[in-house]
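For reference, the structure discussed in these notes is given below.
The values are calculated or read from the model by the stated rules, or taken from the named source; none is laboratory data. Treat the numbers as computed from the prediction; the structure is a model and nothing was measured. For neighbour counting, all protein chains shown are included, and Cβ atoms are generated from backbone atoms with ideal geometry for every residue, glycine included.
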Amino acid sequence: MKKIYILAGWIFLATITGCNDDLLDSTPYGQVTSQQYWRNGDDVVAATNAIYAPLLNEDGFAHTEYTFDNASDDMNRAGDHSDETALEMFTFDASNSHILATWSTKYEVISRANAVLINAPKVDMDETLRNRSMGEAYFLRGFIYWRLSLIYGEVPILTEEDALGQNYNKPKATLAEVRAQAESDFLKAASLLPVSYDASESGRATQGAANGFLAKLYVYQENWPKAIEASAKVIGNAAYKLADRYDENFALVTENNPEILFSLQYETGWTTDNSPTFYHTPQAFGGWGFHEPIEDLVKEFEKGDPRRSYSIYSPGDTVTRGSLGNTIFKADMTRVTGYAFKKYTDFTDAGDMSQSLNAPFLRSSDVYLLAAEAKIRSGQSGDTELNAVRRRAGLPAKTAAKMADIMHERRVELAGENERHQDLMRWDKAGLIDIAAHYRIARGPYKPARNFVKPKHYYYPLPQREVDLSNGVLKQNSNY
């Protein structure tokens, strides 16, 4: 059965660790002896499974990560928490609860990854399984450093050596150093991980995931040759081909198709009661109904683009709910905007909201568009990669595509997938748009004009609690 490995991770957690509240309260995994743990390959696999587990909680990626994209021009927070209002309106400060919660969760993942990297080499076990486990640990650590670099910019880097020496109170590394660590981890992961798995191991990191995130990292660094090279390892491999239909990426029966390079694996009753489905699904269907798309995003879709109806519930749409039959979607089923993200909602045969729906965090189509962007911005043609994505949607091809075409395509292809705000910020840094002017435009009653301050709002402040606990070692980000 799919996703079962997460449960094994929970058993491991109950055995050797509790929940860490902050960076300075980390479990010294490197000191757990072979008599207590790390006895055989099963222990290593269980420890590797446990690295994934924090990603699934609401402060990891189920909810908090999406609150950062509420700042984009695509959605309204549709929540009733003041800290989420502050994130959307750019009035947040270092005491914001989401800024603290996601920091703690991410460093927990790093701590667990370091434990595997310290101990797996010492265990008498199958070498192929050892390589896979270490590849997963490198990938997940790299993934977290990548996300930390986007959210905070400069953060402490903790590696195996720090865990062994219990050296957790470290100053910030530079942004370049944090991204170099992510790059190093992704490269090691790509060298160790398999291309794919059978269905029983769905959700584990693959070569495609590592190379896909490398492509993204290189685009952010504007290293076009490396971005094109890394993306080709995804695009040129049939194991990562685009799904035949866009909506296959957001349906229970096809959610682990080859296009899904990395997604968070949820299973009702086994993982958490607070999945992205729970936060995005309208209250009328059993969810909390946060993160609602606004009309400005709905209007961005071209006429006849099926991705609109696959991605967004609009008034008048038919919603099929298992044995409950069909329901007509109405604007008053939402909290605020009259729209909801369909791509995060599915139903059981009994008609209940299903929390088994996964949450994609990297798809091949994203990598296609990154490759097209890298080529266009380096003076080449990106038409082939761009049109592969458009062709899947049944849309006419572009000729001599420009960055405006890429900006449009990324907005509609990846709507609600936690990319838009980061895309706009990196395009601003490149001089392709003026994000401050862009966010000063009022986009209807549910997206008022907002004051984005450069460079302050490119990154969030470090959690003030962490700064205080460090006794002067950890310095707050500038402008906060």
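Of the residues in the range 243-262, none is touching a residue at least 40 places away in the same chain (Cβ under 8 Å), touching a Leu at 6+ places or on another chain (Cβ under 9 Å) and of a type in the set (S, T, N, Q). Taken over the range 105-127, the criterion of being over 20 Å from residue 52 (Cβ atoms) and assigned to a helix (DSSP H, G or I) is satisfied by 121, 122, 127.
Residue-wise test of (1) of a type in the set (Lys, Arg); (2) assigned to a helix (DSSP H, G or I).
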residue: 390; (1), (2): yes, yes
residue: 407; (1), (2): no, yes
residue: 415; (1), (2): no, no
residue: 425; (1), (2): no, yes
residue: 428; (1), (2): no, yes
residue: 450; (1), (2): yes, no
residue: 457; (1), (2): no, yes
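For the range 371-406, the tally of residues that are surrounded by 16 or more Cβ atoms within 10 Å (Cβ to Cβ) and either within 17 Å of residue 308 (Cα to Cα) or under 26 Å from the mean Cα position of the chain (by Cα) (or both) stands at 20. When the range 162-185 is filtered for residues that are under 25 Å from residue 209 (Cα atoms), in contact (Cβ under 8 Å) with a residue 40 or more places away in the chain and exposed (fewer than 14 other Cβ atoms within 10 Å of the Cβ), nothing remains.
Checked against (1) out of contact with any His (no Cβ under 8 Å at 6 or more places or on another chain); (2) at positive phi; (3) among the small types (Gly, Ala, Ser), residue 416 passes all but condition (1). Given the criteria in contact (Cβ under 8 Å) with a residue 40 or more places away in the chain and in a helix (DSSP H, G or I), does residue 336 qualify? No; evaluated as a whole, the condition is false for this residue.
Per-residue answers, yes or no, for (1) of a type in the set (A, V, I, L, M, F, W, C); (2) within 18 Å of residue 369 (Cα to Cα); (3) at pLDDT below 95; (4) surrounded by 18 or more Cβ atoms within 10 Å (Cβ to Cβ):
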| site | (1), (2), (3), (4) |
| --- | --- |
| 232 | yes, yes, no, no |
| 237 | no, yes, no, no |
| 240 | no, yes, no, yes |
| 261 | yes, yes, no, yes |
| 267 | no, no, yes, yes |
| 271 | no, no, yes, yes |
| 275 | no, no, yes, yes |
| 278 | yes, no, yes, yes |
| 287 | no, no, yes, yes |
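Taking the criterion of being over 12 Å from residue 44 (Cβ atoms) and either of a type in the set (Lys, Arg) or out of contact with any strand residue (DSSP E or B) (no Cβ under 9 Å at 6 or more places or on another chain) (or both), the residues of the range 136-151 that qualify are 138, 140, 141, 142, 144, 145, 146, 147, 148, 149, 150, 151.
Evaluating residue 433 against the criteria (1) part of a helix (DSSP H, G or I); (2) under 26 Å from residue 89 (Cα atoms) leaves one unmet condition, (1).
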